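What follows is one structure encoded as structure tokens, with my remarks underneath.
What follows draws every value from the coordinates through simple rules; no lab data is involved. These numbers were taken from a predicted model, which means no experiment stands behind them. A quick note on method: Cβ atoms are made from the backbone with ideal geometry, for glycine too, and the neighbour counts reach across all protein chains shown.
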Amino acid sequence: MPAGRCDEFGEVEGAFNSMLKQSASYLARLRLLNRELDQLLDERTRSLRRTEQELEIRTLYDQLTALPTAVSSRSSWTATLIKPAMMPLAKKPFWFLG
């Protein structure tokens, strides 16, 4: 079909071409928004990981003295007491109370 026809086919052709341009514009905008969203997601994920690390440090160490807190002491004591109980009988330490 020749471009610029003055009948119904020309109108359909013009509308179709306009729709294609608009669709391409929407697609380009969508791609841009997706890139921006991915960047925001990455930034938020990094921020949450930093916050998680800070909270873990605050939970394990006293902020004034930098000494381990009861939570970290309890977990190390638990590991110390439970670990021998999980060893095979031949390797268990012998504790004599007497």
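Number of residues in region 1-59 that are hydroxyl-bearing (Ser, Thr, Tyr) and closer than 30 Å to residue 69 by Cβ equals 4. Among the residues examined, residue 29 does not qualify as surrounded by 10 or more Cβ atoms within 10 Å (Cβ to Cβ), assigned to a helix (DSSP H, G or I) and within 21 Å of the chain's Cα centre (by Cα). Can you tell me which residue in region 52-72 is farthest from the chain's Cα centre (by Cα), limited to those that are of a type in the set (A, V, I, L, M) and assigned to a helix (DSSP H, G or I)? In this case the residue turns out to be 70. A count restricted to region 4-15 and to residues that are loosely packed, with under 10 Cβ neighbours inside 10 Å and either under 42 Å from the mean Cα position of the chain (by Cα) or outside any helix (DSSP H, G or I) (or both) stands at 3.
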